[in-house]
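The values are calculated or read from the model by the stated rules, or taken from the named source; none is laboratory data. Here the structure is a predicted model, which means the values were calculated and not measured. Note that we place each Cβ from the backbone using ideal geometry, even for glycine, and neighbour counts take in every protein chain shown.
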Amino acid sequence: MNDRPIGVFDSGFGGFTVACALIDLLHNEQIVYIGDTGRYPYGPRPADEIRRFSREIAEYLVAAEDVKMIVVACNTAASVALDELRYDLDVPVVGVIEPGLRAAVAATRNGRIGVNGTTGTIASGAYQRAATSFHVAENVYCTACPGFVGFVERGELDDDQVHVLAERLLSPLKDAGVDTLLLGCTHYPFLARTIADVMGRDAVLVSSGEETAFDVRSILESTGLGRRNPSKEPHRFLSSGDMEWFVTAGRRLFGPELSTAEPVLFGG
């Protein structure tokens with residue numbers, strides 16, 4: 001059981017931020033990453049469709065890749081499908097919402113926390129519910145940022161249009177006086193420079209990647225599922241979409257370790 005890989009999935013490339021944190025923290029573990037680029041983006045899709053996609057990928061990871069744990073490295077998928085996956089699957093399932101908000105609560109100085117995410121994530125109310133469990137609901141301000149994911153997927157991280165869009169979409173959070181902004185989509189850390197410029201130098205940006213990795217490590221230790229020796233197998237990357245695009249864009253965002261990828265097919 002200990003030598004099985006950890007499965008990670010996202011609608012596309014955003015989950016690389018979580019995968020990087022896992023690789024940096026858990027040196028012995030092998031990661032199998034699926035980017036569902038054939039059906040991205042998840043943000044505008046109906047919740048039932050996202051649940052179906054998430055279940056399909058998770059079941060594939062368990063049945064075909066024999067993973068010992070699944071990390072839902074997509075805020076949109078975690079916001080609507082996490083509870084169902086935890087109930088249905090026989091392996092631990094970790095999301096990014098609660099770890100990210102916990103880190104933001106620890107980082108804030110004035111108690112006002114902003115959360116930006118996809119339309120689907122914000123509309124789901126997942127962060128609002130998590131804020132209630134952390135007893136900070138009255139001081140958490142959420143805003144959707146449609147369009148951000150597209151810029152990341154296209155590699156247009158420094159485009160002037162990103163800055164213009166960020167100024168418009170993030171203005172409600174600035175007006176609310178937040179001093180900490182949780183990047184509520186795993187794609188958004190790739191736009192951190194632009195977001196930080198818009199929010200101002202006193203604002204703290206929080207990404208869920210590292211905190212999620214700490215949660216994974218805790219579960220591995222408490223369940224005895226962690227590897228005792230470094231994996232001899234390389235990390236693997238799978239895509240449901242165009243392979244050349246996935247590898248080219250993935251190498252730019254993830255790094256040279258993503259040199260090859262494997263195709264995986266899912267339903268429409």
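For this structure, a couple of remarks:
- Each residue in the range 92-146 was checked for being closer than 28 Å to residue 223 by Cα and among the hydrophobic types (A, V, I, L, M, F, W, C), and 13 of them qualify.
- Hey, residue 258 assigned to a loop (DSSP other than H, G, I, E, B), at pLDDT below 95 and in contact with a helix residue (DSSP H, G or I) (Cβ under 6 Å, 6 or more places away or on another chain) or not: yes
- Screening residue 170 with (1) modelled with pLDDT of 90 or more; (2) within 16 Å of the chain's Cα centre (by Cα) gives one miss only, at (2).
- One residue from 244, 167, 233 being within 26 Å of residue 79 (Cβ to Cβ) and among the charged types (D, E, K, R): 167
- Matching residues in the range 221-268 - criterion: being over 13 Å from residue 35 (Cβ atoms), out of contact with any Pro (no Cβ under 9 Å at 6 or more places or on another chain) and surrounded by 13 or more Cβ atoms within 10 Å (Cβ to Cβ): 226, 227, 252
Listed here are the residues, each with its yes/no results for (1) over 30 Å from residue 106 (Cβ atoms); (2) in contact with a Ser or Thr (Cβ under 7 Å, 6 or more places away or on another chain); (3) outside any loop (DSSP other than H, G, I, E, B); (4) assigned by TED's automatic domain parsing to the domain that holds residue 123.
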{"site": "165", "(1), (2), (3), (4)": "no, no, yes, yes"}
{"site": "173", "(1), (2), (3), (4)": "no, yes, yes, yes"}
{"site": "182", "(1), (2), (3), (4)": "no, no, yes, yes"}
{"site": "220", "(1), (2), (3), (4)": "no, no, yes, no"}
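- Qualifying position, being under 19 Å from residue 142 (Cα atoms) and within 13 Å of the chain's Cα centre (by Cα), among 76, 108: 76
- The range 42-93, residues that are of a type in the set (Asp, Glu) and closer than 22 Å to residue 265 by Cβ: 48, 49, 56, 59, 65, 66, 88
Listed here are the residues, each with its yes/no results for (1) exposed (fewer than 15 other Cβ atoms within 10 Å of the Cβ); (2) among the hydroxyl-bearing types (Ser, Thr, Tyr); (3) out of contact with any Ser or Thr (no Cβ under 7 Å at 6 or more places or on another chain); (4) under 23 Å from residue 213 (Cβ atoms).
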| site | (1), (2), (3), (4) |
| --- | --- |
| 35 | no, no, no, yes |
| 44 | yes, no, no, no |
| 51 | no, no, yes, no |
| 59 | yes, no, yes, no |
| 67 | no, no, yes, yes |
| 90 | yes, no, yes, yes |
| 96 | no, no, no, yes |
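- Residue match in the range 165-180 (condition: closer than 21 Å to residue 25 by Cβ, buried (at least 17 other Cβ atoms within 10 Å of the Cβ) and either in contact with a strand residue (DSSP E or B) (Cβ under 9 Å, 6 or more places away or on another chain) or not β-branched (Val, Ile, Thr) (or both)): no
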